[in-house]
Each structure stands twice: as C-alpha cells, then as structure tokens.
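Each remark here refers to the structure printed beneath this line.
The values are calculated or read from the model by the stated rules, or taken from the named source; none is laboratory data. Just so it is clear, the structure is predicted and the values come from calculations on it, not from any experiment. A quick note on method: Cβ atoms are made from the backbone with ideal geometry, for glycine too, and the neighbour counts reach across all protein chains shown. Surface accessibility is based on the protein's heavy atoms, side chains included, excluding ligands, DNA and RNA. Shrake-Rupley method; radii C 1.70, N 1.55, O 1.52, S 1.80 Å.
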Amino acid sequence: NGPWSSNGSDSTPVIRSDHITCHTGPVQPGSTDAGAATGQARDTMESSIRRPAANGRHIGNGGSFPEKRAHGFSHRYPPGKKKTGLVVVTISASVLALILCAKSLLFPSHLEKSPEGEVSDSKVHSAQKGGVGKFSGKMSQLLFDDQGRYVLEDFDAKPTFSDFLPGVAGIYGKPMWSFYVNRGQGIASFGSKSKDYPIMEFSPANKAYQNTATLGFRTFIDGRRGSHSFFLEPFASSRTRYEGLQDETHPLPKRVMFVGANEMQISETDFQERIETNVTYFVLPEEDFGAFVRRTTITNLDKEQALHLSLLDGLAKIEPAGGKLDALLKDMGRTLEGFFGVYQAHEDVKTMPFFRMSTEPTDAAAVKVQNEGHYLLSFIEGEDSWLLPIVFDTKKVFGEDTMMLHPVGLQTSSVRSILNSPQYGFAKTSSAFAAVDNFVVPPGSSVTIASFYGKTDDIMNVPVIARKVVASGFVQYKLSRSREVIQQITAGVETNTINDLFNLHAQQMYMDNSLRGGVPVILGDTDDDSMMNNADEDERLKVFSVFSRVHGDLERDYNDFLIEPTFYSEGPGNFRDVAQNRRNDVILNPRIGGWNLKVFLSFIQADGYQPSSVEAVVFTIADKSTCDDIATQSVGHADGVRAQREALSRILNDGPFRPGQLFLLMEQQHIELIVNRHTFVHMVAAAAEISPMAVAKVQGFWADHWTYFIDLVETYLSIYPDKEHSLMYDERLPYFFSPLRVRPRCEKYVLSLSYGGGGKHVRQLEAVVKDGAKERVRLAYFNNKTGWYDPAANWQHDSSGKVFMSSPIA
C-alpha cells in the first residue's frame, strides 16, 4: 500500500512486515467539509488502488508514493545485529520531547485572560483547523491546537523567527516557495522556482523582520455598526501587545499564529470593534497551474448588530514577471520600474490583472518580449462566487505616504471612489488588493475572501484559471488536500505513543529530511511482474526522488534553492545533504534496492573526490521506434493527432529529460494524452535508460562524504544481507568525470598574512581549479538540441572511448 492509494475505507493503508501488522488511524479531515473533499480526492486520484499480496509484499502502482515503513517494523535484523542505533535515536528523541513538555508546563503562555475574563484561546480555537490529527492531554493543549498545529500567542510581540511552507504541491502539482516570519501578516516573500522569480521580493531574515508588516500582506477595513463608524487595520504593528505597554481601558487585540505542516494561519480578535480576522496561507496542490492561496475571514463577533464593511485585502507591493529579478531588484530597482506594467485579461473589467515587464531587462542587442506574468484572482467564497475588482495603483491606497505606513489615499477617499476612478500601473511598482465595497455581515457570521497569487505563461490563461478556482468548494477542498499531501508523505513514520509531542516530532523530522533528500518514487510498473520486484531485480523499474531541494531559507540566505514548478517537482541539493537524507530510504521502501548506494558510489571520481551537488536523474530513449510506439499508445492512431504523435516521439528521442520537463514540453506543444498520466509515466520509464546527474563546483570538496557511503552500505545490508558479495564484487559501476582538478601542494600551499597581520602562516588557497583539457573532453558530449550535456559526459572513459567501470570493492 502507498500513501497515494486507498484501501477502500476511511483508514490509511495497512503496514505489514514479517513481525507485526499495524493499522494506522483514520485520516483526520481537518475541516467540516473535508470529509466530502477526502472522498472526492479518492475519486479523482490518478493512481490505481494498491493491495497487499498474499505473501505480505505490496503490489500496486509504483508511481504513487512508495510504502513507508516505521523503522524497526520494516525488516528483521540479521542474527547478532544489534539495534543500537534505533535505541539511541529513540531515547534521545524521547528525552528531547520530555524536556519540551516540562518547559511547556512550567512556562504556559496560553492561559492569559482576555478583557472579557475568558481564556483567550477559546476564541482563536474557533478558527479553521487543520493538521496531522487530534491531540489530547494537557501538555499538548498548551503547545498545539486540536489539529496538531503549533500555537504561538501574541506572536508579533515575541522574539523573531522565520519559517517556510514546504513548497510541496503533490506529484501532479506545480509548487511555489514561500517564507514567513512572526511579524505583520506573516508572509515575508513568495514566488516561483527560486528567489530569482519572486512575486513578493525575497528578503533575508533581518530585512524581513523589518519590512513584512508594511510591504507584505495588509488588510484595511472601513466598518460601521449602526451609527458607530471605525477604520481598522488588523495585525497593524502599532497595536501589537508588547509586554508592559498594554492599556486595560483600551485593550489591544489578541493575536495568535498557528503553524501547520503545510499551512500557516494567523488570527486577531479585536475586543473593541468585536471583529475577528483569520488569515490562512497554503500552496495550491495538484493543479496544472501554480498558486499561493490566501484566505481572509472576517467574523462579526457582535451577537446583535450587523457589520457593514468595505475593505482592501492583499499585497502592498507585488513584483512583475520578467526573467531573473532578485539581484536587479536590489541593485537597480528604480531603473526596473520603467519596464513594469499591469495588463488586464479583459480590458473592460479590473478583476484579472496581469503583472509583467514589457521586456526582459537584459543588456543585449536582441530584445526578448516578456509574455509570462503574475496574476491575482480574488472572490468571496460562497455558492455564487464572483471575481472581486483589484486595486493595483499603490497611490490610490497609500497616497503620498511612500513608506506605506498608513493608507492615506484610502482614508481620504473610499473603496467605492477608488474603484470608480482610473488606476495607473505602468512604469511604477504596484500593489495587489482585492476590494470589497459595502458588504453586510450579519451578527455572529463571517465572510471569507479567497485570493490566488500565481504565475502563468500567457495572459489568456488567466480566465481559464479563474473559472476553475471560483467553483463552489474548490478552495476548501484544496486546503484539505494540501494537508493530506503531507500526511501521505509522513504516513510511514506515524508514531502512536502516550507523548503527543514525540509523535509529532517524528513526523516533522521525517518531513524535513524528505525535503532535503527527496521522496523516492518507483516508476516503470507496467505489469504484475514488475510490481512484485525491486529495482535491482527488474531493469524496467526506475527510482526517481521528488520534492528534494537545497535547504535555503531566510536565515541561510546564501543558499540558492531551486524548486521546479513542474509535475514531479525536484531540485538539486548538496552531495552531503542528499546522501545524509537518503541513507534510510531502503529501510522505508525496500523496493528501491541498492539504487541509492550504487548512485553515490558511482559519483566517486578516479582521483577519489566526489562532486559537490547532486541533481535529479534523467531519462533517455535512444531507439526511435520505441518512442514512436509510446507516442502512438499515448496520443492515438488517428490522422487528426499525427502532429501531436510526431512531436511527442521527438521529445522522447531528442535527448535526456526528467518527468516534469516531459510534461512541461507536452503542455507547451499542446499534446493531449488518451491515457492517464500515471500510465504514461510508467510506460516511458520502463522503456528508458536512467542516468544519475551531478555537478562539480570550484568551491571544493567536502571531507565527510565517506561516512555516508558506509551508512548507505549498512542500511542496504540490513534489508538485503544476502546481497553483500554480489554488491561488492559483481556490480560494475562507472566513475564520475569532473572538469575540475585539485592542484598539487606546491601550487595550493602559500604563505599569507596572519589574521593579526603580525606575521605569515601557511594556508591552502584556490586548491580546486578548472581543467581545460577535461572541459574539452566534456564538450564533445554537448547536445545542441537540448542545450544539455549527454549523460555520457558525466563518466570517465578509457582510451577506447568506452565508459570505464569496476566493481565497488575495487
């Protein structure tokens, strides 16, 4: 059974081993409408139902997430092999969990009284819930809500911290990255692919703490109850409840942050105006377009009077699409504004803005017209959803307050007046606010504004996206699915002990490790025979790790993370990080066999060094007739699809590709499949050759890689102890070929000034350099069609031109 499959009941799949059978608990829906959403997920999921075979092994669609088995239940240790590592890890984690529990009991923060004399979290817990399952016990309640989300009260008055959403949109989704801090409305930056393609500019942590409250998401409410009128900005820093600055006669609003596995929510309860504002963020899962979703819910806490409100809700500063912008925004932002523009999918309405640059700002003779753009679609959730108008003219909102501290333009006008006047969005930085004019919220009721921020290739795609997102129940269903996607990844390490903190810690640690090393997926399952084998036994089976990336974040701003906005999303990672976090893959998914071990041993160079960066594997199909057969089965025989059939065959035959790139090329060339995506991917993978990919960089080589080789060997042998001899002596592995070399000691050792400047000391500088002769050898394998090197360029060749191989023991 795999996390992407269903066994036909409300329980997740059965986990089996030679010793024990564990039934995991039912998936928590996480919201009142999630039960129906979960059912819909099962109906629409593009993977076949997997079932346990009679012998306890699992068969099914390997393109689904592999079965994950809890460490210690997944295999039998060989006679005499002690489980010391497991015991040490378990004891250490338990001690850590107990320390956290003790701290929470001694220093509780959730029992502060509200001005009405009630426990403050009784209201915030009425906000939307979501997480990994219900939690019980006093200790857990002090740290988490009943859905397992970490609760931080008065978050914007606490010491600063930064975090991120996982950027996981499922196998058939297009992820976006996002970072948040405990200031303002949380989100500090987000975008597509890397920090070079921001929708909200990437800022390192120190600047994010300063700017998020003003340049990030904002909400401005012009409200009225009877004869009482008021103007309110929820989460404004001017009303933060700093310790020692509270006035009991004019109580400041209560604010809470909920940190979930794949979502983040903030809540503010304004006791004076009797308004509760909840904002939830998540990345849209399982769609052929990417989006960052924001849900803003305004609740009228008054039980007698209706709330009349007009409001603006959205992003104070949005960046357009236009090539790699991160460095340019920081170095020459004023010049870039000359390229900025706001376009409309329909000129007669202002509900579908498209933020893009006129051309890419490159210093070249050829001008590249910019077609890609960022969109914003907002609407009030309900049965008859309609798109809201968008205010993008920053001056209309903030007037002459260029620091964006106060919405001077709105306060001296009104939402209606702004909507009825012209807006200007060219040659200037824009905002992106959804506008609601004169909406009535009955006593005790709420209104929810859903906003989708994303990127698409062409402005004409925006109306198509709009028709999909405004469908009744779409947002709630996708929020439910975003939670389930994470549950499916971590299901294999679901832990049930008396300590809720330890249970959650195990799942979160596994999730973090999966993001750095990737989640292995078996591709090439085309029949029952392949489903019964592992990747060592059946050459049709290929292992592809999804969701991996460099661990860049606001605190480690030096890391250039990359999250491909494609199906089967992945990105490169540092050798040591990837190797560290794939050490236990074979324990959790024995079907991958010795794949990881053989890949990393292949990365050893002839001189003993290894490359510094590991990328996703690539597929190649050299036989043209095989490509023609796959194209025919996938597109059809009819003459009307001949162009699509030939185009698909060329894509498969022209050079190396990855699953996500394959789907992207098919999308760009409008190739429609007559089989489902899963079947197509398995068909392609079974026929393809697979090649590991890595990149050597002049930064040098790490000295600790050898320790991970030993770990990979030991974990493999713990599952397949009978394979030791064949692995070490019978396998034939290549050697990685790097265009770099390490200089001899006489060149790399130099005398340089000591730190104090009082003398000189011996240092090793510029030890790694490019080797011109090696670079010329690699150039012979450059493929002009794809702009890539053929996979053969990665391997050491002998004098006859063949890839040199030897056994691992050699």
field: Cβ pairs under 7 Å, 6+ apart, first in segment 204-226 and under 24 Å from Thr394 (Cα atoms), second of a type in the set (A, V, I, L, M, F, W, C) and in a helix (DSSP H, G or I)
entry: Phe220/Leu410; Asp222/Val415
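Name the residue, out of Val367, Val349, Val342, that is open to solvent by 30 Å² or more (accessible area, probe 1.4 Å) and closer than 22 Å to Pro422 by Cβ. Let's see the steps before the verdict.
Values: Val367 fails: closer than 22 Å to Pro422 by Cβ; Val342 fails: open to solvent by 30 Å² or more (accessible area, probe 1.4 Å).
The match here is Val349.
Taking the condition over 17 Å from Phe600 (Cβ atoms) and at pLDDT 90 or above, does Gly757 pass? Please lay out each step first, then the result.
Numbers: over 17 Å from Phe600 (Cβ atoms): yes; at pLDDT 90 or above: no.
No: the conditions fail for Gly757.
Collect the residues in segment 724-775 that are assigned to a helix (DSSP H, G or I) and open to solvent by 80 Å² or more (accessible area, probe 1.4 Å), keeping them in residue-number order.
If we filter segment 724-775 for residues that are assigned to a helix (DSSP H, G or I), which is where we start, we get 724-730, 745-748, 772-775.
Result: Glu724, His725, Tyr729, Asp730, Arg745, Cys746.
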task: Take segment 404-438 and flag every residue that is farther than 17 Å from Glu319 by Cα, open to solvent by 60 Å² or more (accessible area, probe 1.4 Å) and outside any helix (DSSP H, G or I).
output: Leu405, His406, Thr412, Asn420, Pro422, Asn438
message: Go through segment 555-581 and report how many residues are assigned to a loop (DSSP other than H, G, I, E, B) and closer than 18 Å to Val618 by Cα.
response: 10
message: For Val475, only one of the following conditions fails: (1) out of contact with any helix residue (DSSP H, G or I) (no Cβ under 9 Å at 6 or more places or on another chain); (2) within 25 Å of Arg677 (Cα to Cα). What is its number?
response: (1)
message: I'm trying to understand the selection: among the residues of segment 448-486, which are closer than 26 Å to Gln669 by Cα and open to solvent by 20 Å² or more (accessible area, probe 1.4 Å)?
response: Lys455, Asp457, Asp458, Ile459, Met460, Asn461, Val464, Arg467, Lys468
message: Looking at segment 672-704 only, could you name the residues that are open to solvent by 40 Å² or more (accessible area, probe 1.4 Å), closer than 15 Å to Asp628 by Cα and part of a helix (DSSP H, G or I)?
response: Ala687
message: Which of the numbered conditions does Pro253 fail, given that it passes all the others? Conditions: (1) open to solvent by less than 30 Å² (accessible area, probe 1.4 Å); (2) in contact (Cβ under 8 Å) with a residue 24 or more places away in the chain.
response: (2)
- request: Considering (1) surrounded by 22 or more Cβ atoms within 10 Å (Cβ to Cβ); (2) farther than 27 Å from Asp163 by Cα, say which one Ile298 fails and leave the rest.
  value: (2)
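Given the residues Val367, Val349, Val342, which is the only one that is of a type in the set (A, V, I, L, M, F, W, C), outside any loop (DSSP other than H, G, I, E, B) and at negative phi?
Details: Val367 fails: outside any loop (DSSP other than H, G, I, E, B); Val349 fails: outside any loop (DSSP other than H, G, I, E, B).
Of Val367, Val349, Val342, the one residue that is of a type in the set (A, V, I, L, M, F, W, C), outside any loop (DSSP other than H, G, I, E, B) and at negative phi is Val342.
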message: List the residue pairs whose Cβ atoms are under 9 Å apart, where the first residue sits in segment 149-178 and is in contact (Cβ under 8 Å) with a residue 40 or more places away in the chain and part of a loop (DSSP other than H, G, I, E, B), the second is open to solvent by 40 Å² or more (accessible area, probe 1.4 Å) and aliphatic (A, V, I, L, M), and the two are 6 or more positions apart or on different chains.
response: Arg149/Val132
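Would you point out which residue out of Glu319, Glu304 is open to solvent by less than 60 Å² (accessible area, probe 1.4 Å), in contact (Cβ under 8 Å) with a residue 40 or more places away in the chain and not polar (S, T, N, Q)?
Details: Glu304 fails: open to solvent by less than 60 Å² (accessible area, probe 1.4 Å).
Result of the check over Glu319, Glu304: Glu319.
Looking for something hydroxyl-bearing (Ser, Thr, Tyr) and surrounded by fewer than 19 Cβ atoms within 10 Å (Cβ to Cβ) - is there at least one such residue anywhere in segment 194-210?
Initial filter on segment 194-210 (hydroxyl-bearing (Ser, Thr, Tyr)): 194, 197, 203, 209.
In the following step, the residues that additionally are surrounded by fewer than 19 Cβ atoms within 10 Å (Cβ to Cβ) were identified as none.
No, segment 194-210 contains no residue that is hydroxyl-bearing (Ser, Thr, Tyr) and surrounded by fewer than 19 Cβ atoms within 10 Å (Cβ to Cβ).
Here are some residues: Arg642, Arg583. Which one is of a type outside the set (S, T, N, Q), open to solvent by 40 Å² or more (accessible area, probe 1.4 Å) and touching a Gly at 6+ places or on another chain (Cβ under 9 Å)?
Numbers: Arg642 fails: touching a Gly at 6+ places or on another chain (Cβ under 9 Å).
Result of the check over Arg642, Arg583: Arg583.
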task: Considering only segment 523-549, state which residues are open to solvent by less than 30 Å² (accessible area, probe 1.4 Å) and within 19 Å of Thr620 (Cβ to Cβ).
output: Leu523, Gly524, Ala535, Asp538, Leu541, Lys542, Val543, Phe544, Ser545
